[in-house]
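The values are calculated or read from the model by the stated rules, or taken from the named source; none is laboratory data. Not measured: the values here are computed from a predicted model. Here Cβ is always computed from backbone atoms with ideal geometry, including for glycine, and neighbour counts include all displayed protein chains. Quick note on the areas: whole protein, heavy atoms, side chains included, nothing else; ligands and nucleic acids left out. Shrake-Rupley method; radii C 1.70, N 1.55, O 1.52, S 1.80 Å.
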Amino acid sequence: MDTFQNTLAVIGSYYTAVVRWVFVFLAIFILIRSIKSLLRVKNPSEIWAYIGGPDGSSTPLKHWENVIGRASSADIVVNLNSVSRNHGTLVRDTRGNWRYNDLHSKNGSYINGVRVRKSMPLRPGDILTLGGVNFTLLPVSLREREDNIKKRRLKSRPVSPWPSLIALTIFQLLAIVQFKVAFGEGCPASIPTAILGVCAVMWIYFILLRSFRRVAFEMETIAFFLSTLSIAVTAVHTGNVMKQLICIIMGVVLFFLLCWFLRDLNRSKEVRMLILGVAVLLMLTTLIFGTEHGGAKVWLEIPGLSIQPPELVKIAFIIAGSATLDELYQKGNLTVFMIFSGFCMGCLALMSDFGTAAIFFVTFLVIAFLRSGDFSKMILIVGAVALAGLLVLTLKPHVRARFAAWGHVWEDPLNTGYQQVRTMTAISSGGMPGVGAGNGWFHTTAASDTDLVFGLLSEEWGFIIAVLAIACIVTLGIFAVRSIIAGRSAYYSIAACAATSLFIFQTCLNVFGSVDILPLTGVTFPFVSSGGTSMIVSWGLLAFLKAADTRQNASFAVRLSEKNERGFAA
């Protein structure tokens, strides 16, 4: 019996030595395909209609939301002194109907001789009078529409998802064997069950969406890859993998629901105040009844369940901050968001969760700039928050201690620098391919699967895979920024940029904090860190990026056209 066990141990060591490099090559293959497909996308604009001028010229409308005016920044520039700089907005809804809204112009706007007092429908053939000059809304021909869609399909065709899906499935199956090898007979049945559960959810998702004629799955492939790593780090640290699997499933469901919710911008605007109210209630409930862990009072303890409401508020924060073009030109519209932002960050400060407060603040800056375009206000806000930060350092001893240890962790490796020193040691001991899942020592360190997860990934899965995990988040950010060029609505563009800014900044705080480049703030690595609320919210935030994807048949947050239009996206 002993000889048999020794033989298995030898075979297992050889398996680990080989498979850790196989994991690296599979990860590179999966992510290079997804990254290449996302970054090569051109997101070409489509012409939705034309505005005919008095001289017989016609200007194409390449967005669903357009500003008409004399300003050079307007989407439709009218070089007439009788026209205001930003005279009005012309907006298309998901059903193809256009509406015009006057922006308090000096000479007014008229549709078929009727003055525009509030948003009014503008139909093909209607006469739009701006500053005494007549314009006409002209539809695109069916032939031109089909040509535009065909060109957009050719320029934005993603790579086939199946090779990446198969490679990720192999990655997951090999991971199960690796855990069996590492833990031997003591390997809990929950680990292979959880990994197979992620695999099953992934295949169901892909098959379901393909049945709906969707073709682009790069974002979801990245999310499922990172979620698989999350199961792995949870398995070696706490073993509570079934809870993490349930949260991944809940995250995918939330992703579906938010994509459905974002299909209709009118619906999004109608329930915004309700969402704000729920978010305020969550923050106040946490502030009053929350439980403190690690110096921050951000947990709500329910029998058998612990949640972090501030994580859920991130979704409400982006919904509150995003706005359509008409809303951007409404005076005082930004005020509500600024008040809500101040409330959220004030509550987080009282909860002593300054890492999440910093994430909210950076996201606020991104949204505020995209909505106002005013650098001077941003500088004043940053200055005021910097002063508030100095005040926090004087009032909160544990925050002051973290900043004092920043950059000096090796001077006190057994006390103030304990976590960062062990993280950096684990990174160096793992090398490029890692020591193999389940074979490391760093999982015995507190928070190794959450705040310090980069060290755990680097040690067991290798520095290459850990860096690829960061590259995944950065890629999502680059794609979101490039997508806004052809964005159909300012709402989608602002939401996507806010969500990706949150992802990237949170990843930077997590990774750089764990290796002492930044102060350790105690925030999670999106999709990777163990933690149910964080996982659910990460999938929810991904919906904002998906909604900004204008590639042909790519996003189910965008409606498909009717069958008589040959299945092309509307």
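Expressed as a whole number of Å, what is the distance separating the alpha-carbon centroids of region 295-337 and region 487-512? Here the answer is 14 Å between Cα centres.
What is region 178-291 by shape, rounded, prolate or oblate, if you read a ≥ b ≥ c off the alpha carbon gyration tensor as root eigenvalues and call it rounded for a/c under 1.5, prolate for a/b larger than b/c, and oblate otherwise? Taking the square roots of the gyration eigenvalues as a ≥ b ≥ c, region 178-291 is oblate. Counting heavy atoms of the protein chains alone, Asp75 has an accessible area of about 80 Å² for a 1.4 Å probe. Here Tyr418 sits with roughly 90 square angstrom of accessible surface, probe radius 1.4 Å.
Accessible area per residue was computed with a 1.4 Å probe on protein heavy atoms; Arg210 scores about 100 Å². Summary of packing: across the peptides 229-241, 54-66, the per-residue average of other C-beta atoms within 10 Å ranks them, highest first, as 229-241, 54-66. Of Val366, Val83, the order by accessible heavy-atom surface (1.4 Å probe, DNA, RNA and ligands excluded), from most exposed downward, is Val366, Val83. Taking every protein chain into account, the accessible area of the chain amounts to 43 square angstrom per residue (probe 1.4 Å).
Of all aspartates and glutamates in the structure, the ones whose alpha carbon falls short of 20 Å from that of Lys36, not counting any fewer than 8 places away in one chain, are Glu218, Glu220, Asp549. Label positions at Glu292 and Ser306, each projected 7 Å from the Cα along the C-beta direction, are separated by 1.5 nm. Legend: residues Phe261, Phe343, Phe525, sorted from most to least accessible area (1.4 Å probe; ligands, DNA and RNA excluded), read Phe343, Phe261, Phe525.
At an R0 of 35 angstrom, the distance between the Cβ atoms of Ser82 and Phe369 translates into a FRET efficiency of 0.65.
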